[in-house]
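K.L.:
This is the structure I have questions about; it appears just below.
The values are calculated or read from the model by the stated rules, or taken from the named source; none is laboratory data. Values in this document were obtained by computation on a predicted structure and should not be read as measured data. With ideal geometry, Cβ positions are generated from the backbone for all residues, glycine too; neighbour counts draw on all protein chains shown. Just the protein is used for accessible areas: all its heavy atoms, side chains included, with ligands, DNA and RNA removed. Shrake-Rupley method; radii C 1.70, N 1.55, O 1.52, S 1.80 Å.
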Amino acid sequence: MNRKYLKYATIALLGVSGIVSSCKKSFLQLQPSGEFAATNYYANPSQALSAVVAAYDPLVTETGGIDNTYSDPLGALNAASDDCFAGGGSNSDVTPWQVINNYTLSPSVGPQDQFWAIDFQGVNRTDVLLQALPTVPGLSADLLKRYTGEGLFLRAHYYFDLVRLFKNVPLILKPLGLTDVYTVTQASPDSVYAQVERDLTTAIADLPVSVAAAENGRVTQGAAKALLGKVYLYEKKWAQSATVFADVNGTPGGTSSYGYALQAHYGDIFSPTNKFNSESIFELVHSGNQNYTWNNWDQFKSNIYVQMVGPRSYKGPLYYSGGYGFNPITPQLVAAMKGDPRYPYTIANIDSLTKATPGGGYQQSYQGTGYYIQKYAPLMANVVTTGTIDLNWPNDYIEIRLADTYLMEAEALLNAGTNNARAQALLDAVRARVGLASVPATLDNIYNERRLELATEGHRWFDLVRWGQAPTALAFKGFKAGLNEILPIPLNETTGLSKIKQNPGY
């Protein structure tokens, strides 16, 4: 490994005061308490909480990675799928998204620099946190238990992303010293999954059932169970997955014991005025109140992806005029959603809208189709006028929501062959919410429903890969079976004195 990795593997706590001060309207709304050396940082409960906040921070990192470029994962994941193209201004605009869109990525060019470095930054912060928490003077037993549960959940989350994206990754469970990084080797995927299971299983008992509104964004017991159910699903442990999800989901169409319930109106799920709604199980917080300018490049905690997907040079109603035109919708998704009630909340037909508007117009994106993402669209109603508009969008990202866990449980039940009637009820509830009639609970229908329900939310590429459907569904983009199911490991992680081996084929 070279010294770029050392930035993430050996620094115990990066930018704590910036993290604490830059996020609001959630548990991150804390007053900065200065900067501290790692050697004496965990001196009191207040500093321990700041370290917990720092462990969450990579989840909402908008810039960073090995090359400190723009790094929101939705752009790359949507570009890799059959929901969206990369788009933007040209075929060289945000190159990592372009090369995963057409599957020409290599160890030196691709989004792996962002995914790898940011997730391992999260691993390191949680390792440091978990090691230090028992030594914090004055930390109560209840807080120690809760903070430990949060740290375990977060480490599991980072490793779940890493093993899905790269398959062959180091399993690092304690802070590394400067010399240790040159001895690290990759673990088997099975051992990584086993550790993820252990962390989540332990975390569940330590986490609260719910949190106060001021702490929205912190992990709950329901979120940990939902992630564990998803991990089991990826491991094809169908019965275990279904059991865990049943506890999260409760009676289909009702309110679960954790208080989760489907939103009555599909479009309300994604509104920044409806954060932490009843459907939200694990939500990543973004604030629009930071007054960011381009001088804040490495600090953004707003949702810049909203800006990225807006139409370019737009003139017309509803949308902000200065979008960047990324992730235009593919004709395949447009055709799949035609006539579906979720269409207008998923896809914005900018071409038709501007043609129907006197004086309207827009600049077609590279690979543009006239159709753009609606769920995270830069609506004028959400514009924040302090700071630079482009950099202060308030939209949260709901990473796990109830309709998602309904469909994952239904999929697990069908594969297990244990309760097809419940699988049918779960599928029916998702469809009934948007006024659609029942269809038989088959795997193909579950797969289709996941696409329509969750389009552009970052799940589609992972779904296609785990179902074995990626080579066919993504053939039009150049996907190569046996290669592109995982990403290359960043080039500078496999050179020099490193013992990390490149993924096969790259």
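Conditions (1) touching a Leu at 6+ places or on another chain (Cβ under 6 Å); (2) touching a residue at least 60 places away in the same chain (Cβ under 8 Å); (3) assigned to a loop (DSSP other than H, G, I, E, B), marked per residue:
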position: Phe153; (1), (2), (3): no, yes, no
position: His157; (1), (2), (3): no, yes, no
position: Leu162; (1), (2), (3): no, no, no
position: Pro175; (1), (2), (3): no, yes, yes
position: Asp199; (1), (2), (3): yes, no, no
position: Ala205; (1), (2), (3): no, no, no
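K.L.:
Follow-up question, since we're still on this one. Can you run down the residue pairs with Cβ atoms below 9 Å, 6 or more apart or on separate chains, where the first is in the range 68-91 and free of Cβ contacts under 8 Å to residues at least 60 places away in the same chain and closer than 19 Å to Leu391 by Cβ and the partner is open to solvent by less than 10 Å² (accessible area, probe 1.4 Å) and of a type in the set (A, V, I, L, M, F, W, C)?
P.N.:
Hits for this filter: Ser71/Ala117.
K.L.:
So, one more: Restricting the first residue to the range 288-313 and requiring it to be without any contact (Cβ under 8 Å) to a residue 60 or more places away in the chain, which pairs with a second residue that is open to solvent by less than 10 Å² (accessible area, probe 1.4 Å) and among the aromatic types (Phe, Trp, Tyr) meet a Cβ separation below 6 Å and a spacing of at least six or different chains?
P.N.:
Nothing qualifies.
K.L.:
Is it the case that some residue within the range 271-278 is buried (at least 21 other Cβ atoms within 10 Å of the Cβ) and under 20 Å from Ala410 (Cβ atoms)? Walk me through it before giving the result.
P.N.:
The initial filter retains those residues of the range 271-278 that are buried (at least 21 other Cβ atoms within 10 Å of the Cβ), namely none.
For the range 271-278, residues buried (at least 21 other Cβ atoms within 10 Å of the Cβ) and under 20 Å from Ala410 (Cβ atoms): absent.
K.L.:
Continuing with this model, one more query. Where in the range 288-384 are there helices (runs of 4 or more DSSP H), lying wholly inside it, with at least 3 residues that are of a type outside the set (S, T, N, Q) and within 25 Å of Gly64 (Cβ to Cβ)?
P.N.:
On the way: elements: 304-308, 331-337, 343-346, 350-355.
Result: 304-308.
K.L.:
Hey, can you tell me all the residues within the range 453-472 that are farther than 19 Å from Tyr234 by Cα and open to solvent by 10 Å² or more (accessible area, probe 1.4 Å)? Let's see the steps before the verdict.
P.N.:
Restricting attention to the range 453-472, the residues satisfying the condition of being farther than 19 Å from Tyr234 by Cα are 453, 455-456, 472.
Matches in the range 453-472: Thr472 only.
K.L.:
Now a separate question. Being open to solvent by 50 Å² or more (accessible area, probe 1.4 Å), more than 21 Å from Gly87 (Cβ to Cβ) and either at pLDDT below 95 or in contact with a Pro (Cβ under 9 Å, 6 or more places away or on another chain) (or both) is the filter here, so list the residues in the range 354-379 that pass it.
P.N.:
None; the set is empty.
K.L.:
Now, a different point. Restricting attention to the range 72-91, and to residues there that are among the polar types (S, T, N, Q) and open to solvent by 10 Å² or more (accessible area, probe 1.4 Å), which single residue is farthest from Thr494 (Cα to Cα)?
P.N.:
So the first thing to find is which residues in the range 72-91 are among the polar types (S, T, N, Q), and the list is 78, 81, 90-91.
Right, trim to open to solvent by 10 Å² or more (accessible area, probe 1.4 Å) and you get 90-91.
Numbers: Ser90: 31, Asn91: 28 Å.
Within the range 72-91, the match that is farthest from Thr494 (Cα to Cα) is Ser90.
K.L.:
On the given criteria, is Pro344 of a type outside the set (Val, Ile, Thr) and open to solvent by 50 Å² or more (accessible area, probe 1.4 Å)?
P.N.:
Numbers: of a type outside the set (Val, Ile, Thr): yes; open to solvent by 50 Å² or more (accessible area, probe 1.4 Å): yes.
When the stated conditions are applied, Pro344 passes them.
K.L.:
Here's a follow-up. Quick one: in the range 276-287, which of the residues that are in a loop (DSSP other than H, G, I, E, B) and in contact (Cβ under 8 Å) with a residue 40 or more places away in the chain is farthest from Ala223 (Cα to Cα)? First the steps, then the outcome.
P.N.:
Taking the range 276-287 first, the residues in a loop (DSSP other than H, G, I, E, B) are 276-279, 285-287.
Adding the requirement that they be in contact (Cβ under 8 Å) with a residue 40 or more places away in the chain leaves 276, 278-279, 285-287.
Details: Phe276: 13, Ser278: 13, Glu279: 12, Val285: 15, His286: 18, Ser287: 21 Å.
The residue in question is Ser287.
K.L.:
Here is a further query. If I filter the range 473-506 down to residues being among the aliphatic types (A, V, I, L, M) and over 18 Å from Arg451 (Cα atoms), which single residue comes out as most open to solvent (accessible area, probe 1.4 Å)?
P.N.:
As a first pass, look at the range 473-506 and keep what is among the aliphatic types (A, V, I, L, M): 473-475, 481, 483, 486-487, 489, 491, 497, 500.
Cutting the leftovers down to over 18 Å from Arg451 (Cα atoms) gives us 481, 483, 486-487, 489, 491, 497, 500.
Numbers: Ala481: 73, Leu483: 35, Ile486: 28, Leu487: 4, Ile489: 0, Leu491: 82, Leu497: 126, Ile500: 5 Å².
Of everything passing the filter in the range 473-506, Leu497 is most open to solvent (accessible area, probe 1.4 Å).
K.L.:
For Ser321, work out the one condition from (1) crowded, with 17+ Cβ neighbours inside 10 Å; (2) at pLDDT 95 or above it doesn't fulfil.
P.N.:
Evaluating Ser321 over (1) crowded, with 17+ Cβ neighbours inside 10 Å; (2) at pLDDT 95 or above leaves (1) as the failure.
K.L.:
Does Gly254 qualify as being crowded, with 21+ Cβ neighbours inside 10 Å and either touching a Ser or Thr at 6+ places or on another chain (Cβ under 8 Å) or at pLDDT 95 or above (or both)?
P.N.:
Numbers: crowded, with 21+ Cβ neighbours inside 10 Å: no; either touching a Ser or Thr at 6+ places or on another chain (Cβ under 8 Å) or at pLDDT 95 or above (or both): yes.
No, not satisfied.
K.L.:
Residues in the range 215-229: is at least one modelled with pLDDT of 95 or more, more than 20 Å from the chain's Cα centre (by Cα) and surrounded by fewer than 18 Cβ atoms within 10 Å (Cβ to Cβ)?
P.N.:
No: the range 215-229 contains no residue that is modelled with pLDDT of 95 or more, more than 20 Å from the chain's Cα centre (by Cα) and surrounded by fewer than 18 Cβ atoms within 10 Å (Cβ to Cβ).
K.L.:
Cβ-Cβ distance below 6 Å, separation of 6 or more or different chains: which pairs start in the range 483-506 with a residue that is aliphatic (A, V, I, L, M) and end on one that is open to solvent by 10 Å² or more (accessible area, probe 1.4 Å)?
P.N.:
Every condition considered, the pairs that remain are Leu483/Gly505; Ile486/Lys167; Ile489/Gln502; Leu491/Pro107; Leu491/Ser108; Leu497/Tyr182; Ile500/Thr494.
K.L.:
What single numbered condition from (1) in contact with a Leu (Cβ under 6 Å, 6 or more places away or on another chain); (2) free of Cβ contacts under 8 Å to residues at least 40 places away in the same chain; (3) not hydrophobic (A, V, I, L, M, F, W, C) fails to hold for Ser46?
P.N.:
The failed condition is (1).
K.L.:
Can you say whether Lys338 is in contact with a strand residue (DSSP E or B) (Cβ under 6 Å, 6 or more places away or on another chain), charged (D, E, K, R) and open to solvent by 30 Å² or more (accessible area, probe 1.4 Å), as far as the supplied structure shows? Reasoning before the result, please.
P.N.:
On the way: in contact with a strand residue (DSSP E or B) (Cβ under 6 Å, 6 or more places away or on another chain): no; charged (D, E, K, R): yes; open to solvent by 30 Å² or more (accessible area, probe 1.4 Å): yes.
When the stated conditions are applied, Lys338 does not pass them.
K.L.:
Can you tell me which residue within the range 92-115, out of those that are touching a strand residue (DSSP E or B) at 6+ places or on another chain (Cβ under 9 Å) and not in a helix (DSSP H, G or I), is surrounded by the most Cβ atoms within 10 Å (Cβ to Cβ)?
P.N.:
Val94
K.L.:
Restricting the first residue to the range 410-434 and requiring it to be under 25 Å from His265 (Cα atoms), which pairs with a second residue that is open to solvent by 30 Å² or more (accessible area, probe 1.4 Å) and among the polar types (S, T, N, Q) meet a Cβ separation below 6 Å and a spacing of at least six or different chains?
P.N.:
The qualifying pairs are Asp428/Ser438.
K.L.:
Being more than 23 Å from the chain's Cα centre (by Cα) and closer than 30 Å to Asp93 by Cα: is that true of Ser188 here?
P.N.:
Working: more than 23 Å from the chain's Cα centre (by Cα): yes; closer than 30 Å to Asp93 by Cα: no.
No: the conditions fail for Ser188.
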